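Working notes for the structure below.
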Amino acid sequence: MEMDALTLDQLLVFTATVDAGSFSGAARTLNRAQSAITYTTQRLEDQIGAPLFDRAAYRPTLTPTGGALLPRARRILAEVGQFRSQAHGLVRGLESEVRLGLSEMVAVASLAPALASFHEDFPTVSLRIVRGAFGLPDSLIRGEIDLAVLPDFGLSPGIERSHVAMMDLVAVAAPNHPLARRKGAITTAMLREELQIVLTDAAEMAPGRDHGVAALDSWRVTDLTTKHGLLLEGIGWGSMPGPLVAADVAAGRLVILPVDRWDGSDHLPRLAIVAAHPQDCAPGPAGTALLAAILRNRAVGSGAR
C-alpha cells in the first residue's frame, strides 16, 4: 500500500462523491470529467487497500471502510481549509490571537452572543480571556491585552472607551444574617454594626483606603469569588454584581438588603461598563471585529456590586 502518496485531492473527490451521491454528480460539482473522478477514487482505494464504495447498485454506496473513513476525511479537509484561511489572514495582517480582559464584575454569559459571533467570523483566531477584579487598565497600557470589558472607574485618559451598559450595585447577605432578618429599610447605622466583606485591590490593602466601606468592621478580599463565598456562608454582608447573584437571590441563597441611604444617595452606585483599548494602539482586524460585536450586542446587563 502506498499510503504516503495520499493527496488532499483524493479526499476531496471522495467526499464530493458521497455528497453528490454518484461519480457523475461529483464530476459536475468539481467541474471534471467523470473518468477523472473514477480514476482518482480507484487510486485512493488502491492505496488504502480496500474499496470505499460498493458499486453493485445503480448508485455507489459507502462500504464499512468508506463509512469509517469519511468523518476523518472531512476533518482533514476542514483543517486544511482553516490553515489556508489563517495563512491568508496573517498575510493581510489578521491577528493569530486576540487578548480580552474581562472584569470579574461582568458575567461571562452576558458576552456569550458577542463571543459566539466572533468565533463564527474568525474561526482561525484564538481568544485569550484574562479575568480579574483589578489590574486590567494597567494591562491595557502595558500592551498585555488588546481589549477589556470593565467598569469605567479610574481609567486613565490614555484609554479609549465605548459605553456598553450600566451596572447597578446591590447589597446582599445570606438569609440567616441579622440584616436579612430585619423588617423594613436597612439604615446606615445598621450596616455600620455588621461585618462587611469588601473587594479590595491587593495594592490598596494598607489601612486608610476605605472606598465603599460602610461598616466599622470589615474584611478585605482581593477577588470576587472569595467575597461571594463568604457572603453565601453568612459571614458578613457586602455588595455584588446583580447578574452574578441573580440565581442566588432567586434560589433564596442570598437576600437583597433594602438599604435606604448610601453615601448620601438613596441607592447603591451604578457603574458604567465600557469596552476599552489603548488610544495609541488600536486592535487589529479581529480585535476590531470583536469590539464591534460587543457593542452591537450590548450584552452586559444591569447588575450590582
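Couple of notes before you dig in:
- Candidate set from the stretch 32-51 (those that are within 46 Å of the chain's Cα centre (by Cα) and in a loop (DSSP other than H, G, I, E, B)); member that is nearest to V13 (Cα to Cα): R32
- First in the stretch 1-23 and farther than 17 Å from D46 by Cβ, second anywhere and modelled with pLDDT of 90 or more and charged (D, E, K, R), Cβ under 8 Å, 6 or more apart: T15/R74; A20/R28
- Any hit, the stretch 55-78, residues being within 23 Å of the chain's Cα centre (by Cα) and either free of Cβ contacts under 8 Å to residues at least 12 places away in the same chain or not assigned by TED's automatic domain parsing to the domain that holds T15 (or both): no
- In the stretch 116-139, residue farthest from the chain's Cα centre (by Cα) [restricted to those that are small (G, A, S) and part of a strand (DSSP E or B)]: G132
- Meets criteria (modelled with pLDDT under 95, loosely packed, with under 14 Cβ neighbours inside 10 Å, under 26 Å from the mean Cα position of the chain (by Cα) and not assigned by TED's automatic domain parsing to the domain that holds L102) for A251: no
- The set of residues in the stretch 55-65 that are closer than 12 Å to F23 by Cα and out of contact with any Phe, Trp or Tyr (no Cβ under 7 Å at 6 or more places or on another chain) comprises R55, Y58, R59.
- Residue in the stretch 269-285 that is at pLDDT 90 or above and assigned to a helix (DSSP H, G or I) present: no
The values are calculated or read from the model by the stated rules, or taken from the named source; none is laboratory data. Since we're looking at a predicted model, the values are computed, not measured. No Cβ is skipped: glycine too gets one built from the backbone with ideal geometry, and neighbour counts run over all protein chains shown.
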